[in-house]
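Student: Below: one structure in structure tokens.
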Amino acid sequence: MGTGIRLKAEDHSDLSAISACLQDAVIKVSDMAFVANSSRFAFVGNRFCWEADDVDKTGQRARFACRFENVLKTSSQNIPLNLGDHVLNFLSIYGESADDGTATILLLFSGGASIKLEVECIEMYLEDISDAWTTKNTPCHDGDSVQTDDESFKP
């Protein structure tokens, strides 16, 4: 495997940096899981490599894995949990801390979909798990919707 990203978030500014790396990622509903006995929420998907030198000429995508530790509770809105092949288009991450040190992390997707994580503390990991591949289409934003290419789930 080549050089990919490998990041850890421990505070709100770290979450913002990772949010920028994940903008326009595509994630299948079936590729997300909350493992309550491990207090972990994790997912895999394909992210658009905004950091690539030639992003204006040809785009690149890479397969990534993301996990949140210390998760107490999860909830979702406007996500068809019964449709595993449904693809979510990632928009951003927001975090809000409480006075007791816990935090709420909101994962926002196009179409008004969201996942809310209640965590003991912010501990998130993002890592590319494949080399990047060339894609013909750069994501195009039209209001809140995100358009992606059909080859997004290339293994």
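Student: At 222 nm, what helix-only mean residue ellipticity would the chain give, in deg cm²/dmol to the nearest 500, using -39500 (n - 2.57) for each DSSP H run of four or more?
Tutor: When only DSSP H runs of four or more count, the value is -2000 deg cm²/dmol.
Student: Right, another one. Taking Cα pairs under 8 Å and at least six residues apart, what relative contact order does the chain come out at, in percent?
Tutor: The value is 30 percent.
Student: Any chance you could give the angle, 0 to 90 degrees and rounded to 10, that helix 12-22 forms with the longest Cα principal axis of the chain?
Tutor: The two axes meet at around 30 degrees.
Student: Per the Debye formula with a single identical scatterer at each Cα and no solvent contribution, what log10 I(q)/I(0) holds for the stretch 48-127 at q = 0.12, 0.26 Å⁻¹?
Tutor: Here the Debye-derived log intensity ratios amount to -0.46, -1.26.
Student: Here's something else I'd like to know. Using a Gaussian network for the chain with springs between C-alpha atoms less than 10 Å apart, which of these wobbles most: Lys136, Lys28, Lys73?
Tutor: Result: Lys136 has the largest fluctuation of those listed.
Student: Please give the peptides 43-50, 123-130 ranked by average Cβ packing (other Cβ atoms within 10 Å per residue), highest first, as a rough proxy for protection.
Tutor: So the order, starting with the most tightly packed, is 43-50, 123-130.
Student: Could you work out how much longer the chain between Glu120 and Leu106 gets when fully extended? Use 0.36 nm per residue separation minus the Cα distance between them, nm to one decimal.
Tutor: Values: separation 14, 0.36 × 14 = 5.04 nm, distance 1.43 nm.
Full-extension gain reported as 3.6 nm.
Student: Place the peptides 58-66, 74-82 in order of packing, highest mean first, counting for every residue the other Cβ atoms within 10 Å and averaging per peptide.
Tutor: Working: 58-66: 20.3, 74-82: 12.8.
Per-residue Cβ counts within 10 Å, averaged per peptide and sorted highest first, yield 58-66, 74-82.
Student: Provide the gained length on full extension for the span Asp85 to Ala20, in nm with one decimal, where the gain is 0.36 nm per separating residue minus the Cα-Cα distance.
Tutor: That pair, Asp85 and Ala20, stretches by 20.9 nm at full extension.
No lab work stands behind these numbers, since they all come straight from the coordinates. These figures come from a predicted structure and were not determined experimentally. As a convention, Cβ positions derive from the backbone with ideal geometry for all residues, glycine included, and neighbour counts pool all protein chains shown.
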